[in-house]
1. Ignoring ligands, DNA and RNA, what percent of the 1.4 Å accessible area of the chain is carbon and sulfur?
2. Before anything else, pin down the relative contact order of the chain: Cα pairs under 8 Å, at least 6 apart, normalised by residue count, whole percent.
3. Enter the angle in degrees (range 0 to 90, nearest 10) between the Cα long axis of helix 163-173 and the first principal axis of the Cα atoms of the chain, meaning the one along which they spread out most.
4. Grab the alpha carbons of segment 57-108, take their convex hull, and tell me the volume per residue in Å³.
5. Which values of log₁₀ I(q)/I(0), to two decimal places, follow from the Debye formula for segment 51-177 at q = 0.12, 0.13, 0.15, 0.19 Å⁻¹ with a uniform point scatterer at every Cα?
6. Taking the dipole about the Cα centre of the chain, with the C-beta of Lys and Arg at +1 and of Asp and Glu at -1, give me whichever of THR100, SER88, ILE153 is farthest to the positive side.
7. Which listed residue (LEU28, LEU164, CYS144) has the Cα farthest towards the positive end of the charge dipole for the chain, taking +1 on Lys and Arg C-beta and -1 on Asp and Glu C-beta about the Cα centre?
8. What is the Cα centroid distance between segment 100-177 and segment 65-93, reported in whole angstrom?
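The values are calculated or read from the model by the stated rules, or taken from the named source; none is laboratory data. Small disclaimer: the values here were computed from a predicted structure and weren't measured. Cβ atoms come from the backbone with ideal geometry, glycine included; neighbour counts cover every protein chain shown. The accessibility values were calculated without ligands, DNA or RNA, using every heavy atom of the protein model including side chains. Shrake-Rupley method; radii C 1.70, N 1.55, O 1.52, S 1.80 Å.
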Amino acid sequence: MAASGKTATDTAGTAGHAFGRLGPLADLVVERLRMGDRVAASKFGTDKPIDDPAREEQELASVRTRAFALGLDPERTAAFFSDQITASKVVQRGLFDRWTAHPAQAPTTRPDLAEIRAELDELTTSLLTELVATNDVREPGAPCRVDVLEAQISADVVDHLDELHRTALRTALQSLC
């Protein structure tokens, strides 16, 4: 949460656009991180675990299949989406810790996890589309790493990310090159 007590989700309407050739992809990643806030709110105070290995593996298997059909490397694509899942868990754990330490900041409503998952499925399609569009940019090497840094830093600035979401963004972008 920002110093104001708001999460990244609270400022979703003020999001900017990350710079560079990977900026649109970073924007989608930030959008997915914001959904992690809602996932955390839906699970906090329930018996729903943050980790769901069976569901995660099912999602990664689906992504591999879709990646192959789109001409993307299935394992490289699965690594990227594994990073998205890990980044979401960073957000969820951070928010759980914050809300446990400061109960007054805990969510007062519980979003419907099924609705959030449907939105995540749509976002997965958008992320796959952007991975196809940037496939030539994401070749391993220094130029790609520079592009990732430009997108990451600009997304952080234009989206006013707090430390928790900055950490999650770094995690989410680590397998791009």
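1. Whole-percent figure for carbon plus sulfur exposure: 55.
2. 42 percent
3. That works out to roughly 30 degrees.
4. Enclosed volume per residue, from the Cα hull, is 84 Å³.
5. Normalising to I(0) and taking log10 leaves -0.53, -0.62, -0.82, -1.22.
6. Farthest towards the positive end: THR100.
7. LEU164
8. For segment 100-177 versus segment 65-93, the Cα centre distance is 11 Å.
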